[in-house]
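Trainee: This is the structure I want to talk about, given as structure tokens.
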Amino acid sequence: QADHKDGSKVKHPRSDSKAPLTLPVAPSLYDAPFPFYRRPAEMGCFSLDAKRCFHGDARQLRYYAPPPSEGPTPGFDLRDGYRDRYVQRDDSVREGLEHLLQWIVQNQKQLQTEDKGKLLNADFVTWRGHLTKVLTTPYENREGWLLAVTLFRGTLYISEFETEAARREREQRSEMLKELMYMGYKFEQYLCADTPDGIPDPTGVVNTNEAFCTVIRSRLGNHSLLFSGEVDCTDPRSPSPQPPSCYVELKTSKVMHNSAQRKSFYRHKVIKWWAQSFLPGVSRIVAGYRGPDGSIVGLETFETMKIFQLIREDQGCWKPAVCMNFCAAFLAFLKTVVTEDNPKLVHLFAWNPGHPVSFTVHQDSQYCVLPDWYVEALSA
Ligand code: A3P
Ligand code: MG
Ligand code: MG
């Protein structure tokens, strides 16, 4: 055992145990038929208000309200309000699984299982965003990740920790990047109304504390999943009116001028858009293309389930099956490694581009996944 810099004990994984110590990520290893992925079902939802307070209801849900004709130039100015109508969430505050765990405590009855060894009817509990990162790992060559995992009463909880590199990037974010981030949220304001028949109000304040989150159940292979993800809006005129398929994901991207740019967009950006929306069963992604002056020069709708058709002609492009097979292998890896049921024990899985996934073991450290209030609420 070694001492970690925060003073906590770091147990090094034993090399004599039967569990493998690393997981390779090369796409060729996961190039197999698409695995079973059960149609995602919405279990419930919650909202975070302008002060980031939790409410177990849909008060923050917004309604998709596109401009009358999906014309070439809606002329939205994404820079408007950046200086004077922007309330930014404090992203130095680590929330962990907090809000999702709050939802679980309030909805315990719904999640009960016959299985005596388990408290909740799920093998894994996590954020959709964490799973998105796992899905895209075989193709990622820039950003690594840290995922902390704890087994508590039969369920594995996965919670991300910021890497040193990500922290530096966040703290040193350029003014241009800050404005670009604002523009992503501003785009939402131009396309969303507060009521099903309402019209967007672009004169309002953009407050990134506000969020509507869906809670989804699904299954990947033999892994049952309970995860939550933020949803941009619902389409009250959707041909598939049930959540989660009526939800719409909004995205912005730089306008493209040639096929090389579009190819690169499909290879590097659409993979993330696809993974984010496919996981919770969000069926449409509406892209707004940004001109150099920060105005939207065009809109394009992508059907999540048809994205694979756009990329399959391109040899060397990413494959949805590789993403899903890797995710299934990662979840199986977690099950073989994290076998001690203990709310204070954390296995920290780390990945950096060019390397396999590895892990370290921590007890009572800074890497805590489950807050005491949650462990107590579920032990009662
Ligand atoms: P765009 O993705 O349109 O640029 P989401 O699309 O996931 O609902 O996120 C809304 C906006 O939040 C994004 O809009 C972007 O501006 C910002 N955002 C989300 N994730 C981010 C990340 N990892 N880094 C920087 N900005 C991010
Ligand atoms: Mg969003
Ligand atoms: Mg979005």
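Throughout, read-outs are computed from the coordinates displayed, never taken from laboratory work. Just so it is clear, the structure is predicted and the values come from calculations on it, not from any experiment. We place every Cβ from the backbone using ideal geometry, glycine too, and count neighbours over all the protein chains shown.
Trainee: Out of residues 5 or more away from residue 45 or on other chains, whose amide H comes under 5 Å of its own, with H placed 1.01 Å from N in the peptide plane?
Mentor: Those lying under 5 Å, H to H, from residue 45 are 215.
Trainee: How large is the charge dipole for the chain, taken about the Cα centre, if only the Cβ atoms of Lys, Arg (+1) and Asp, Glu (-1) carry charge, to the nearest 20 debye?
Mentor: Magnitude of the dipole: close to 860 debye.
Trainee: A further question on this structure: Measuring from a point 7 Å past the Cα of residue 219 along Cα-to-C-beta, which residues in the stretch 99-124 have an amide N at less than 15 Å?
Mentor: 113-115, 121-124
Trainee: Which of 36, 54, 302 ends up with the largest GNM mean-square fluctuation for the chain, with Cα atoms connected below 10 Å?
Mentor: The residue that fluctuates most here is 36.
Trainee: Can you give me the relative contact order of the chain as a percent, contacts being Cα pairs under 8 Å and 6 or more apart?
Mentor: 30 percent
Trainee: To two decimal places, what compactness ratio does the chain give when its Cα radius of gyration is scaled by 2.2 N^0.38 Å?
Mentor: Ratio of Cα Rg to 2.2 N^0.38 Å: 1.00.
Trainee: While we're looking at this one, here's another question. Identify all lysines with a Cα-Cα distance to residue 263 below 19 Å; exclude those on the same chain that are fewer than 8 residues away in sequence.
Mentor: 251, 254, 272, 306, 319
Trainee: Which of rounded, prolate, oblate describes the stretch 314-378, given a ≥ b ≥ c as roots of the alpha-carbon gyration tensor eigenvalues and a/c under 1.5 marking rounded, otherwise prolate only if a/b is larger than b/c?
Mentor: On the way: a/c = 2.77, a/b = 2.19, b/c = 1.27.
It is prolate, given that a/c is not under 1.5 and a/b is the larger ratio.
Trainee: Under 5 Å between amide H atoms, partner at least 5 residues away or on a different chain: which partners does residue 173 have, H built in plane at 1.01 Å?
Mentor: none
Trainee: Starting at the first residue of the stretch 22-27, write each ³J(HN,Hα) from the Karplus equation 6.51 cos²θ - 1.76 cosθ + 1.60 with θ = phi - 60°, in whole Hz, x for Gly and Pro.
Mentor: Here the 3J(HN,Hα) series is 9, 10, x, 10, 4, x Hz.
Trainee: Compare the peptides 271-281, 57-67 by average per-residue count of other Cβ atoms within 10 angstrom and give them in order, highest first.
Mentor: 271-281, 57-67
Trainee: What ³J(HN,Hα) values, in whole Hz, does the Karplus curve 6.51 cos²θ - 1.76 cosθ + 1.60 give for the stretch 273-279 when θ = phi - 60°, with x put for Gly and Pro?
Mentor: 4, 4, 4, 4, 8, 5, 3
Trainee: Report the antiparallel proportion of the DSSP beta bridges in the stretch 210-304 as a percent, rounded to a multiple of 5.
Mentor: Details: 17 of 24 bridges.
Once the DSSP bridges in the stretch 210-304 are tallied, antiparallel ones form about 70 percent.
Trainee: Okay, next question. If you filter the stretch 280-336 for GluC sites (Glu not before Pro), then keep DSSP loop positions with at most 16 other Cβ within 10 Å, what is left?
Mentor: For GluC sites (Glu not before Pro) across the stretch 280-336 that sit outside H, G, I, E and B with at most 16 neighbouring Cβ atoms in 10 Å, the list reads 313.
Trainee: Now for a different question. Whole-Hz Karplus ³J(HN,Hα) for the stretch 53-64, in order, using 6.51 cos²θ - 1.76 cosθ + 1.60 and θ = phi - 60°, x for Gly and Pro?
Mentor: Whole-Hz 3J(HN,Hα) from phi for the stretch 53-64: 8, 7, 9, x, 8, 9, 4, 9, 5, 10, 10, 5.
Trainee: Classify the stretch 174-241 from the C-alpha gyration tensor, please: rounded if a/c falls under 1.5, else prolate or oblate depending on whether a/b exceeds b/c.
Mentor: oblate
Trainee: Of all beta bridges DSSP finds with both residues in the chain, what is the antiparallel percent, to the nearest 5?
Mentor: Taking every DSSP beta bridge within the chain, about 75 percent pair in antiparallel fashion.
Trainee: For the chain, what does -39500 (n - 2.57) per DSSP helix run (n ≥ 4), summed and divided by total residues, give at 222 nm, in deg cm²/dmol to the nearest 500?
Mentor: On the way: 9 runs with 93 residues, N = 380.
When only DSSP H runs of four or more count, the value is -7500 deg cm²/dmol.
Trainee: Related question: Amide H neighbours of residue 192 under 5 Å, counting only residues 5+ apart in sequence or on other chains, H built in-plane at 1.01 Å?
Mentor: The answer is 65.
Trainee: Something else now. Could you work out which residue, out of 129, 198, 316, moves most in a Gaussian network model of the chain, that is, has the largest mean-square fluctuation with Cα springs under 10 Å?
Mentor: Greatest mean-square fluctuation among the candidates belongs to 316.
Trainee: With springs only between Cα atoms under 10 Å, which of 297, 25, 322 fluctuates most in a Gaussian network model of the chain?
Mentor: 297
Trainee: A further question follows. How much space per residue, in cubic angstrom, does the convex hull of the C-alpha atoms of the stretch 15-146 take up?
Mentor: For the stretch 15-146, the hull spanned by Cα atoms encloses 276 Å³ per residue.
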